[in-house]
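Engineer: The structure under discussion is supplied below as structure tokens; questions concerning it will follow.
Please treat every number below as a calculation from the coordinates, not as lab data. Only a predicted model underlies this, so the values are computations on that prediction, with no experimental measurement involved. Please note: Cβ atoms are built from the backbone with ideal geometry, for glycine as well, and neighbour counts cover all protein chains shown.
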Amino acid sequence: MLSLKTLIVDDEWLVRSELKTMLAGYPEITLIGEAANVAQAIPLIQKNPPDVIFLDIQMPGASGFDLLDQIDTAARIIFITAYDKYALRAFEVNALDYLLKPISKERLAKAVKKLGSNELASAQPHKKAAYDDVLYVIVNGALKFIKLPLLKCITAEGNYSYIFYADKPRALVSKTLQDWEDLLPEKQFVRIHRSAIVNFEYVEQVRKCKNYTQEVFVKGIEKPFVMSRRYASKLKHLLPV
């Protein structure tokens, strides 16, 4: 039988207590610990990596998103949240599972059922993102959230891609450039070559070159990107005359 090591991270004792009671009815769930905040959760995850984390979003000191930014974990994440328009938008855009407080037995049953399949692991964003959205990406097997306004550009690497983030080193993620193009808002993110998408908010200069190509200089990236004639013709409204 499937056995999933499970950790609960929530600052409310009553929520943790009720969730533990409900999870006790699922033989596939093995509760290995609980934490009231991010500081408590980090050593628990490092000492005994869980398969599943029930993770609260809003906690004193640091949020659930902050926890995922500080650790590398391959655990399946089921978010727990009170009604929060911003958080719900993030979950829906990214096709992630979440539980609204107070947690219902019916909703929990659906979430646990998904754990026995690949539905959560293979979930892909299914809505066109807005510029102020956050997206999740898998980096080195770990779930990371990124804020789109801080994403400078993306380059193709076979069936993967490199993302260039405003304040972090580039990272290889398991998305194709076509995946990104289908997802990202077209007003800011523009495909300038078959192997590159740039956020025009970070474009410092576009310089015309020979053979009807143009060089696109992105803030913080030393080497310019080459924009082919094919893509330049589609972007006249964004380019200097």
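Engineer: Which residue, Leu150, Phe164, Tyr212, has the largest displacement toward the positive end of the dipole of segment 147-232 when charges sit on each Cβ (Lys, Arg +1; Asp, Glu -1)?
Structural biologist: Tyr212
Engineer: Hey, another quick one. As an exercise, find the ratio Rg/Rh for the chain from alpha-carbon atoms, using the Kirkwood inverse-distance average for Rh.
Structural biologist: Working: Rg = 20.8 Å, Rh = 19.6 Å.
Ratio of gyration radius to Kirkwood radius for the chain: 1.06.
Engineer: Follow-up question, since we're still on this one. Quick check for me: using +1 on Lys/Arg Cβ and -1 on Asp/Glu Cβ, what's the dipole size of the chain about its Cα centre, in debye to the nearest 20?
Structural biologist: Values: 33 positive and 28 negative charges, 241 e Å.
In total the dipole reaches around 1160 debye.
Engineer: Restricting the calculation to Cα positions, tell me the Rg (one decimal) and the Dmax (whole number) of segment 4-115 in Å.
Structural biologist: 12.8, 34
Engineer: Among Arg230, Arg16, what is the fewest-to-most ranking by other Cβ atoms within 10 Å? If you can, show how the numbers build up before the last one.
Structural biologist: On the way: Arg230 12, Arg16 19.
Arranged by neighbour count, lowest to highest, Arg230, Arg16 become Arg230, Arg16.
Engineer: Loop-only check: which trypsin sites (Lys or Arg not before Pro) in segment 179-222 are DSSP coil with at most 14 other Cβ within 10 angstrom?
Structural biologist: Values: sites: Lys187, Arg191, Arg194, Arg207, Lys208, Lys210, Lys219; in loops: Lys187, Arg194, Lys219.
Loop-located and lightly packed - Lys187, Arg194, Lys219.
Engineer: Here is a follow-up. So in the chain, what percent of DSSP beta bridges are antiparallel if you round to the nearest 5? The partial results should precede the final answer.
Structural biologist: Values: 32 of 50 bridges.
DSSP beta bridges in the chain are roughly 65 percent antiparallel.
Engineer: A follow-up question, please. Just list whichever of Lys47/Lys175; Lys20/Lys144; Lys147/Lys208; Lys20/Lys175; Lys152/Lys208 have alpha carbons separated by over 24 Å in the model shown.
Structural biologist: Values: Lys47/Lys175 30 Å; Lys20/Lys144 26 Å; Lys147/Lys208 31 Å; Lys20/Lys175 35 Å; Lys152/Lys208 21 Å.
Cα-Cα > 24 Å for Lys47/Lys175; Lys20/Lys144; Lys147/Lys208; Lys20/Lys175; rest within.
Engineer: Per DSSP helix of 4 or more residues, -39500 (n - 2.57); summed, then divided by the residues of the chain. What does that give at 222 nm, rounded to the nearest 500? Before the final figure, lay out each step's value.
Structural biologist: Numbers: 7 runs with 59 residues, N = 241.
Counting only the DSSP helices, I get -6500 deg cm²/dmol.
Engineer: Once label points are set 7 Å from the Cα along Cα→Cβ at both Leu100 and Gln40, what is their separation, rounded to one decimal in nm?
Structural biologist: The modelled label-to-label distance comes out at 2.7 nm.
Engineer: Going by how many other beta carbons lie within 10 Å of each one, how would you line up Thr21, Thr81, Thr213, fewest first?
Structural biologist: Working: Thr21 9, Thr81 20, Thr213 16.
Result, fewest neighbours first: Thr21, Thr213, Thr81.
Engineer: For the chain, which span is the longest to avoid every loop-located (per DSSP) member of GluC sites (Glu not before Pro) having at most 16 other Cβ atoms inside 10 Å?
Structural biologist: On the way: sites that count: Glu12, Glu28, Glu119, Glu186, Glu222.
Excluding the exposed sites themselves, the longest stretch runs over 29-118.
Engineer: Share of antiparallel DSSP beta bridges in segment 4-115, in percent to the nearest 5? Please report the intermediate quantities before stating the final value.
Structural biologist: Details: 0 of 18 bridges.
Of the beta bridges lying entirely in segment 4-115, close to 0 percent run antiparallel.
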